[in-house]
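Peer 1: Okay, here's the structure, questions in a sec.
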Amino acid sequence: MRIMRGFPRKAPWVMQGREAVGFLTAPEQTSLVGVMMLDIHCHILPNSDDGADSMETALLMARMAADSGVTTIIATPHSNLPRAKEKNFRDAPLAMRFVELIQRVRDAGIPLEIQPGAEVMCMPNTVELLRKKQLVTLARTDYLLVEFFFDERLEYMDDMLDAIAAEGIHPVVAHPERYEAVQQAPGLIGQWFAKGYIIQLNKGSILGRLGRSAQKAAAGILSRGLAHVVASDAHDTLARTPGFSGLQQYLEDNYGFDYARVLLELNPERICRNQPIIRAD
């Protein structure tokens, strides 16, 4: 079983202060040779948000993902959500929760690599938090997974993505097919794509599990080759599940083998390596 290089040798409860926070920031060149599929958006970190509600659930999610052919998951708890108990900013307690999950997955013999990340709600303070290095990027790279409220104004989303990019960070737009502005103005995705913003679609949207509007928007984005990556956005083991069972074949059947590989393997791998992604156009 492959485990993330640079795995801390100390037990989670021994890591303190700068050492623990450093786990979330020091880039590691991970070897991803021979991987099959990677999931860059998954709420598997237990007791951190509305995802896995226990370590036991997290391990079940990890097993489901591995059994479906996923070899790497970036754990992405919600971050910067208003009124949320856990803000999940970059600090020692959050780092130790990541380390504990990695250790428990390894101890369970599950062939799955876990990387740290977050799904950051774009609020007016987001750029300030970036400058203060309080946000957890995807796998310690220059890619930041961001989300908006589903009814957010188009102009606000544009301004926030532009501001994040101006900081030298690559915004990865989580599930844009679920945003009302995108559903009503599909051309918006083409504008973000042209700017180099990363478009991440949800498995559930593509398979019709998150409503007809989201499915229609996702199909339109895929048919135009404007998606860069597909992720599970998994929260549990029953409704919004991890893993790509059925998804890979669906993408191959409807959009071709090459595009499916870009969405599930090549671009997620490039994000983990902090490399430029592949455009399908």
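The values are calculated or read from the model by the stated rules, or taken from the named source; none is laboratory data. If you're wondering where the values come from, they're calculated on a predicted model, not measured in any experiment. Cβ: placed from backbone, ideal geometry, glycine included. Neighbour counts: every protein chain shown.
Peer 1: I'm trying to understand the selection: among the residues of region 41-95, which are among the hydroxyl-bearing types (Ser, Thr, Tyr), part of a loop (DSSP other than H, G, I, E, B) and either over 21 Å from residue 244 (Cα atoms) or in contact with a Cys (Cβ under 8 Å, 6 or more places away or on another chain) (or both)?
Peer 2: Within region 41-95, 48, 54, 76 qualify.
Peer 1: Same structure, new question: Quick one: count up the residues across region 223-247 that are in contact with a strand residue (DSSP E or B) (Cβ under 9 Å, 6 or more places away or on another chain) and surrounded by fewer than 23 Cβ atoms within 10 Å (Cβ to Cβ).
Peer 2: 5
Peer 1: Given the condition of a type in the set (S, T, N, Q) and closer than 20 Å to residue 56 by Cα, answer yes or no: does some residue in region 79-90 qualify?
Peer 2: Within region 79-90, none of the residues are of a type in the set (S, T, N, Q) and closer than 20 Å to residue 56 by Cα.
Peer 1: Continuing with the same structure: Name the pairs whose Cβ atoms lie under 8 Å apart, with the first residue in region 232-248 and at negative phi, the second β-branched (Val, Ile, Thr) and in a loop (DSSP other than H, G, I, E, B), and 6 or more positions between them or separate chains?
Peer 2: Pairs that qualify, where the first residue is at negative phi and the partner is β-branched (Val, Ile, Thr) and in a loop (DSSP other than H, G, I, E, B), are 232/241; 234/44; 234/241; 242/44.
Peer 1: Hey, residue 210 hits all of (1) aliphatic (A, V, I, L, M); (2) in contact with a Lys or Arg (Cβ under 7 Å, 6 or more places away or on another chain); (3) surrounded by fewer than 16 Cβ atoms within 10 Å (Cβ to Cβ) but one; which does it fall short on?
Peer 2: (3)
Peer 1: Could you grab me the full set of residues in region 225-259 that are touching an Asp or Glu at 6+ places or on another chain (Cβ under 9 Å), of a type in the set (A, V, I, L, M, F, W, C) and at pLDDT below 95?
Peer 2: Scanning region 225-259 gives a single hit, 244.
The rows are residues; the columns are (1) touching a residue at least 24 places away in the same chain (Cβ under 8 Å); (2) surrounded by 23 or more Cβ atoms within 10 Å (Cβ to Cβ).
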position	(1), (2)
86	yes, no
90	yes, no
101	yes, yes
122	yes, yes
155	no, no
167	yes, no
172	yes, yes
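Peer 1: Of the residues in region 198-220, how many are in contact with an Asp or Glu (Cβ under 7 Å, 6 or more places away or on another chain) and more than 25 Å from residue 117 (Cα to Cα)?
Peer 2: Looking only at that region, the number is 1.
Peer 1: For the structure I just gave you, tell me whether residue 97 is within 24 Å of residue 37 (Cβ to Cβ), among the charged types (D, E, K, R) and at pLDDT 95 or above.
Peer 2: Considered against the rule, which asks whether it is within 24 Å of residue 37 (Cβ to Cβ), among the charged types (D, E, K, R) and at pLDDT 95 or above, residue 97 comes out as no.
Peer 1: All but one of (1) farther than 14 Å from residue 114 by Cβ; (2) in a helix (DSSP H, G or I); (3) of a type outside the set (Val, Ile, Thr) hold for residue 98; which doesn't?
Peer 2: (1)
Peer 1: Looking at residue 151, is it surrounded by fewer than 21 Cβ atoms within 10 Å (Cβ to Cβ), at pLDDT 95 or above and not aliphatic (A, V, I, L, M)?
Peer 2: Spelling it out, residue 151 is indeed surrounded by fewer than 21 Cβ atoms within 10 Å (Cβ to Cβ), at pLDDT 95 or above and not aliphatic (A, V, I, L, M).
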